[in-house]
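Below: the structure, in structure tokens.
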């Protein structure tokens, strides 16, 4: 049986059926819910995910190319899961219905959702997966019409695949802020899933467009932004309406989202250079004491503890 590693890529060489393994960080043991019926795989792990306390917690994710005998039968699953088919053919039985799988197919499952996934042995499935949990995880899936047990084919498979590639690349990098980055990237992925919600009415589509504009403005201008009201003004929406949109689609309140974006950037600065706490606080236009307090609230440890743990 193969042993897998975080950030590992396995290339199945057809000539002689040899394997080239590129290994970064070894995993002590492959989790039991990860399939061994694969020819190639790139995976990342961010923790066991037991009783996640955050609104959204990414447990693990990856990409895999199946073997000809790939068949997964489960009566349940410990976390919420999203899978996206990038290539090949196969079949899925979920929610009491059978679906053909091909490029662009995506589906979700979780605790208490029986499912069966099978690859066509002549056209092997190539697919991505993300396992996650948290207080708002189910609401986020529901907001993009991907509640556990649902399946559909997206109209923007290239964008979904690109977002998953970025998540896997960043998830495989050993750094303390990886869980927060993965959380933000999962938000982006779900927004892209919502882009092609053809079943929505015009009012719902307008609501999503407004939400995406607000999120995009925060992501692009978080260094200059101080209040949620500034975001609302730039996006031509009232602060109360913007707050309702964030809540409706499963996001933290606008100001909290802005603060988290700043603190993720702060962690990246500590991770990539030799800046002092005071210098990072100045870059974010914050008082050092206030910055340290907010950083600890978001990341669970103080800036000095973060720097020590990461060898700064």
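The values are calculated or read from the model by the stated rules, or taken from the named source; none is laboratory data. Just so it is clear, the model here is predicted, and its values are computed rather than measured. When we count neighbours, we look across all protein chains shown, and the Cβ atoms used for this are built from the backbone with ideal geometry, even at glycine.
Observations on the model:
- Filter result for the condition that a residue is assigned by TED's automatic domain parsing to the domain that holds residue 164 and modelled with pLDDT of 95 or more, over 83, 64: 83
- In the condition set (1) over 22 Å from residue 136 (Cβ atoms); (2) surrounded by fewer than 14 Cβ atoms within 10 Å (Cβ to Cβ), residue 240 is compliant with all but (1).
- Where strands (runs of 3 or more DSSP E) fall wholly inside segment 56-169, the ranges with 1 or more residues that are within 19 Å of the chain's Cα centre (by Cα) and under 17 Å from residue 40 (Cα atoms) are 57-66, 80-87, 126-133.
- Some residue of segment 22-43 being within 30 Å of residue 297 (Cβ to Cβ), in the same structural domain as residue 130 (by TED's automatic domain parsing), at pLDDT 85 or above and in contact with a helix residue (DSSP H, G or I) (Cβ under 7 Å, 6 or more places away or on another chain): no
- Candidates 270, 291 - the one that is in a helix (DSSP H, G or I), in the same structural domain as residue 232 (by TED's automatic domain parsing), closer than 22 Å to residue 219 by Cβ and modelled with pLDDT of 90 or more: 291
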